[in-house]
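Report on the following structure.
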Amino acid sequence: MSEPLLSTHGLKAFYGDFQALFGVDFEIGSGEVVALIGAHGAGKSTFLKSVMGAIKVGADMVKLQGKPSGGLPPHLMVSNGVAIVPEGRRLFAGMSVEDNLRVAIDHKAGGSDTWTLDRIYKLFPILKDKRRDPVQSLSGGQQQMVSIGRALLNEPKVLLCDEISLGLAPKVIGEIYEAIPSISAAGTAIVLVEQDVGLAKKASDRLYCMLEGKVTLTGNSTDVSREEISAAYFGAGHAVA
Ligand SMILES: Nc1ncnc2c1ncn2[C@@H]1O[C@H](COP(=O)(O)OP(=O)(O)OP(=O)(O)O)[C@@H](O)[C@H]1O
Ligand SMILES: [Mg+2]
């Protein structure tokens, strides 16, 4: 790979005295889809929050196109091309679907226009039908589409997705995951934090598995075996589930 778009180097993160990440090395290139899997508490969300600047980390621990960017505040990470679909979606209740999307357009730093409202509506046609409805009247899956749309309207080079399938019905998970190839085809790299290992493997080019704040496995998603994933996910000595 030429210079990665986003990389981390010995990334460590703390909550007060509690250390949650122990030297995570990670990289993703333009247009790549990389899955990040791991059990509850493995450090997946902490990794995304550290990359976004929501948790302060050392400058050299996060690089954007080679440039030290660790510890920059989240709004600067967004204007530098990193956007997050956060755990729990965090939409503005009381506002319409379209107004939730427009928030991202209003705050855009300028630059590229890859993602427009029209394009988001092409990606998720149901949002066009519901554009005037209050966002809280939408199903969980449709709200997740709004959250993804809002993040894309920031024109990210890298889109970080924190468990976008969580709590959703299989049909709507399918609809959301069907959008992933169109997003990466537009050149946007995607980090998919996902609990569903099968889904993660299918949707990604490469994957990383984390356990207790460390990367325990990385490889091409088609190459890693179920046994390797199981050992990396649960720790050595655990039987294959
Ligand atoms: N705000 C916080 N304060 C203190 N410790 C935290 C905080 N958030 C997370 N942790 C701890 O950091 C570790 C990593 O948590 P994290 O939320 O990153 O895991 P995760 O892999 O995203 O898990 P999940 O699959 O449950 O979302 C866990 O031990 C967790 O208890
Ligand atoms: Mg999490």
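The values are calculated or read from the model by the stated rules, or taken from the named source; none is laboratory data. Every value quoted in this text rests on a predicted model; they were computed, and no experiment measured them. Quick reminder, even Gly has a Cβ in these numbers, built from the backbone with ideal geometry, and neighbours come from all protein chains shown. To get the accessible areas, we keep the full protein, side chains included, count just its heavy atoms, and leave off ligands, DNA and RNA. Shrake-Rupley method; radii C 1.70, N 1.55, O 1.52, S 1.80 Å.
Computed quantities for the displayed model
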item: Whole-number Å³ per residue for the convex hull built on Cα positions in the stretch 177-241; result: 86 Å³
item: Sequence of 166, 192 from largest to smallest accessible area, 1.4 Å probe; result: 166, 192
item: For residue 92, solvent-accessible area (1.4 Å; no DNA, RNA or ligand), Å²; result: 90 Å²
item: Nearest-10 value in Å² for the accessible area of residue 113, using the 1.4 Å probe; result: 110 Å²
item: Accessible-area value, residue 130, 1.4 Å probe, nucleic acids and ligands omitted, Å²; result: 60 Å²
item: Rounded percent of accessible protein surface that carbon and sulfur make up, the chain, 1.4 Å probe; result: 53 percent
item: Restricting the stretch 28-129 to trypsin sites (Lys or Arg not before Pro) in coil, as DSSP defines it, with at most 16 other Cβ within 10 Å; result: 56, 90, 108
item: Where the chain is the region considered: accessible area per residue in Å², 1.4 Å probe; result: 46 Å²
item: Interchain or long-range residues, amide H under 5 Å from residue 69's placed H; result: 62, 63, 64
item: Interchain or long-range residues, amide H under 5 Å from residue 33's placed H; result: 190, 205, 206
item: Difference of contour (0.36 nm per residue) and Cα-Cα distance, residue 3 to residue 220; result: 76.3 nm
item: Over the stretch 53-104: Rg over Rh, Cα atoms, Kirkwood Rh; result: 1.10
item: Nonlocal amide H pairs with residue 217, under 5 Å, H built at 1.01 Å; result: 209
item: ³J(HN,Hα) computed for each position of the stretch 11-16 - Karplus, 6.51 cos²θ - 1.76 cosθ + 1.60, integer Hz, glycine/proline x; result: 5, 10, 9, 10, 10, x
item: Per-residue [θ]222 nm for the chain (sum of -39500 (n - 2.57) over DSSP H runs n ≥ 4, rounded to 500); result: -9000 deg cm²/dmol
item: The stretch 100-241 - Rg and Dmax from Cα coordinates, angstrom; result: 17.1, 54
item: Fully extended contour minus Cα-Cα distance, from residue 67 to residue 17, at 0.36 nm per residue; result: 15.2 nm
